[in-house]
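Below is one structure, written out as structure tokens, with a few remarks after it.
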Amino acid sequence: MSIINRRNTSSRNFVERWEDLPAGDWLETDEYGTHWYLANDGKHWCSTDQGYEVWVDEEEKVVREQPKSQGIKFSWEEEDDDDDEDDDDGVKIKLKKQRLRPDLGALPGVIGVLMALVLLSYTFFFVVPLTEIQIENFEEEYLPDYAADYEEVQEFNYIALGILVFIMFISILNLLVKVWWFVMPLCLIALIGVLIHTANLSTESWNDYDDWYNGNCSDEFYEECGESDQVSIYTSESMFSGYCGGLAFLIIGMRTLSGILNFEYDEEEDDDDYDFYGY
């Protein structure tokens, strides 16, 4: 006779009195004095010191694993071998890298930095001091109107300096690909416009002064009286800065235009594409 496994008395497979046994038939008592009972459901009951319980043979008991739930199965829960078999069943999604700007390269940034450095030095160390000297000369000659004109010219010189500093900052961001492609051309257009206006203002002011000087000049008091010598806007100090800014705008504009014309994705596969697989 096999060893009887004693179950917990609180289990439903245990009863304290034989009257509580389910319907069935009594069997013969074994040599150990254990009373056996066969219920109609096929379970064998045996007597114990506490009462009666269902008999379980531990040597013949087989523990079966409960099957996995057949619920929703996600793709990342598949086995490795299943992944190899189902590769062709997935949906291939190809995503392109999104570019926020045309590929301009480093040329616009380099040109912008060089131009800004040159014009900053030229304007700060030459144009601004020269304009300041003109203002002082007109004030010494008691010509406040012409001095006021050149003070306005000086204000635009400082505005040009501010734009140049901003262009240098934008150029550095352009090298780092951290700015929109159209910001640099817009800054150059603003700079060129300010420089042309400054050159026109200084030229008109000087020509007005020259006309006044020669119109009121007397050979009795002045030795250099003569015809008025008009100055061209194209030879103004600010206009030279405008030439440099225009050259930079031409180079950057051509490079930007080339980048815009090539700003289209190829239909062929690209090594930089990202491939995703879904189900």
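The values are calculated or read from the model by the stated rules, or taken from the named source; none is laboratory data. It should be emphasised that the depicted structure is a prediction, and the values quoted were computed from it without experimental measurement. For neighbour counting, all protein chains shown are included, and Cβ atoms are generated from backbone atoms with ideal geometry for every residue, glycine included.
Taking LEU27, is it surrounded by 10 or more Cβ atoms within 10 Å (Cβ to Cβ), modelled with pLDDT of 85 or more, in contact with a Gly (Cβ under 8 Å, 6 or more places away or on another chain) and within 26 Å of ARG12 (Cβ to Cβ)? Don't jump to the end; show me each part of the working.
Numbers: surrounded by 10 or more Cβ atoms within 10 Å (Cβ to Cβ): yes; modelled with pLDDT of 85 or more: yes; in contact with a Gly (Cβ under 8 Å, 6 or more places away or on another chain): no; within 26 Å of ARG12 (Cβ to Cβ): yes.
So LEU27 does not fit the description; no.
What is the one condition in (1) closer than 29 Å to ARG255 by Cβ; (2) touching a residue at least 24 places away in the same chain (Cβ under 8 Å) that LEU186 does not satisfy?
The one condition LEU186 does not meet is (2).
Could you give every pair whose Cβ atoms fall below 7 Å, whose first residue belongs to region 191-214 and is surrounded by fewer than 18 Cβ atoms within 10 Å (Cβ to Cβ), and whose second residue is part of a helix (DSSP H, G or I), counting only separations of at least 6 or pairs across chains?
Close Cβ pairs satisfying both conditions: HIS197/PHE156; ASN200/ILE233.
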